[in-house]
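These notes are about the structure you will find just below.
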Amino acid sequence: MAKTVERSLPLEPPPVRISRTLHAPRELVFTAWSSAYHVKRWFAPDGFTVPQAKVEMRVGGPFEILMRAPDGVEHWARGKFVEVSKFDRLALDLTVEDVKGHALFRAYTEANFSDTLGGTRLDVTQTYTVLDPDAAWMVTGAPQGWAETLDNLSAELRRMQEPSDAGRSVVHTSFTLERTYDAPVERVYLALSDEAAKAKWFGGAEGQWRLMERSMDFRVGGHEHLRGRWESGVVSTFDAIYHDIVPNERIVYAYEMHLDGRKISVSLATMQIKPAGPGRATLKVTEQGAFLDGYDDAGSRESGTGFLLVKLGASLSD
C-alpha cells in the first residue's frame with residue numbers, strides 16, 4: 001500500500017513483504033478482502049479514505065479502488081484478481097493511476113492466509129514495476145503504508161466480530177490432540193505445572209507477541225494469568241482456574257479468553273499424561289469451548305493449541 005514520501009527511488013524497488021497475526025478466523029480475514037463494502041473500510045494507510053471501490057473476488061474479477069490522501073489528492077488502483085484460492089491465497093495485478101488515467105506504477109500483490117496461534121497469519125508481498133519515472137518516489141512509503149493498512153484491517157475485523165443488535169450468540173466446539181514426547185512423564189508434568197518451565201513455551205510466537213503480565217498459582221482453586229500484546233496492537237488475556245490436579249497424571253482447568261476488553265470464549269481443558277515406553281510420555285489435551293457473541297473461531301483455537309504443543313516439545317529438550 002503506497003504512501004506519499006518526498007524522496008527519490010530506484011526504478012526497480014525491492015518488493016515489500018509484511019506479515020501480521022490477525023485475531024480472527026482465516027475465513028473472516030479472507031472475507032474482508034472479498035467485497036467493496038469491507039475493502040472501503042480498511043484498504044488504505046492511516047488518514048487516507050477509499051470513497052469508491054469495485055471488488056469481485058473471482059479470477060479475472062475487478063479490484064478497483066479510489067484512494068484519497070489527507071490533502072485531497074486521489075489515485076486509482078485498478079486491476080483484477082489473478083489467483084483466488086479460497087481461504088488460502090489471493091493475487092492481484094494492480095496498476096496505480098492518477099485521476100486522469102495516467103499509469104504510474106504496477107503493484108503485483110500477493111496475500112497468503114494461514115492458521116496460527118491467536119488467529120490468522122497474513123503474509124503480504126507487493127512487487128512494483130515503475131511505469132513513470134517521475135512517480136518512482138511514491139512507493140518509498142509502502143512498508144509504513146502497509147503496516148498502517150493492516151492496522152485498519154485489524155480494526156475492521158474487530159468490527160466484523162462485534163455482536164449484532166439482533167442479540168447474543170454462543171458457538172460450542174471441542175477437540176482432542178495427542179503428542180508423544182521423548183521425555184519422561186515427570187518432565188512433561190513439570191512443563192505444565194511449574195511457572196518457569198511453562199513460561200518457556202506458553203505464549204505467543206517470538207516477534208509477533210510481547211509479554212505484559214504472567215502469574216501462576218498451581219493448586220486446586222489456584223489461578224493462572226497471562227496477558228500480552230500482539231504486533232497488531234491487540235491485547236489478549238488468558239485467565240484460568242485449576243479444578244483438579246493429580247500429579248504426573250491429570251490437570252483440569254477452566255479458562256476465559258479476552259481480546260482487548262471483549263470476552264470471546266470460556267473453555268474447559270483437560271490434560272492427561274501417560275507413559276509411552278522408557279523415557280517417553282504421551283500428552284492428551286481435550287478442550288470444550290463456548291465461543292461468544294459472534295466469535296466463531298473456525299478451528300483457530302485447535303490450531304493454536306497444536307502450535308503450543310510443538311513449543312512444549314521443543315522446551316523439553318532444554
Have a look at H23, H75 and point out the one that is outside the structural domain of A205 (by TED's automatic domain parsing), farther than 23 Å from T129 by Cα, crowded, with 17+ Cβ neighbours inside 10 Å and in contact (Cβ under 8 Å) with a residue 12 or more places away in the chain.
H23
Residues of the stretch 149-203 being outside any helix (DSSP H, G or I) and either aromatic (F, W, Y) or free of Cβ contacts under 8 Å to residues at least 24 places away in the same chain (or both), which ones?
D165, A166, G167, F175, Y181, W201, F202
Residues located in the stretch 120-138, provided they are more than 18 Å from S232 (Cα to Cα) and aliphatic (A, V, I, L, M):
V130, L131, A135, A136, M138
Given V96, V84, which one is in a strand (DSSP E or B) and within 21 Å of P133 (Cβ to Cβ)?
V96
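Conditions tested, residue by residue: (1) assigned by TED's automatic domain parsing to the domain that holds I273; (2) out of contact with any strand residue (DSSP E or B) (no Cβ under 8 Å at 6 or more places or on another chain); (3) modelled with pLDDT of 85 or more; (4) polar (S, T, N, Q).
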| site | (1), (2), (3), (4) |
| --- | --- |
| T125 | no, no, yes, yes |
| T176 | yes, no, yes, yes |
| A199 | yes, no, yes, no |
| G203 | yes, no, yes, no |
Given the criteria more than 28 Å from D115 (Cα to Cα) and touching a residue at least 12 places away in the same chain (Cβ under 8 Å), does P62 qualify?
no
Being touching an Asp or Glu at 6+ places or on another chain (Cβ under 6 Å) and touching a residue at least 40 places away in the same chain (Cβ under 8 Å), is that true of even one residue in the stretch 43-59?
yes
If you go through the stretch 95-115, how many residues are more than 14 Å from P15 (Cβ to Cβ) and free of Cβ contacts under 8 Å to residues at least 40 places away in the same chain?
9
So, G118, is that one touching a Leu at 6+ places or on another chain (Cβ under 9 Å), in contact (Cβ under 8 Å) with a residue 40 or more places away in the chain, in the same structural domain as L28 (by TED's automatic domain parsing) and not hydroxyl-bearing (S, T, Y) or not?
yes
Of those in the stretch 84-129 that are acidic (D, E) and under 23 Å from S19 (Cβ atoms), the residue surrounded by the most Cβ atoms within 10 Å (Cβ to Cβ) is D115
Any hit, the stretch 130-143, residues being surrounded by 15 or more Cβ atoms within 10 Å (Cβ to Cβ), farther than 30 Å from L92 by Cα and either touching a strand residue (DSSP E or B) at 6+ places or on another chain (Cβ under 9 Å) or free of Cβ contacts under 8 Å to residues at least 60 places away in the same chain (or both)
no
Taking T129 and the conditions (1) in a strand (DSSP E or B); (2) assigned by TED's automatic domain parsing to the domain that holds T305, which numbered condition does it fall short on, given that it satisfies the others?
(2)
Which residue is surrounded by the fewest Cβ atoms within 10 Å (Cβ to Cβ), if the candidates are limited to the stretch 204-215 and must be of a type outside the set (D, E) and in a loop (DSSP other than H, G, I, E, B)?
G207
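The values are calculated or read from the model by the stated rules, or taken from the named source; none is laboratory data. Bear in mind that the values here come from a model prediction, so they are computed numbers and not experimental data. All Cβ positions, glycine included, derive from the backbone under ideal geometry; neighbour counts span all protein chains shown.
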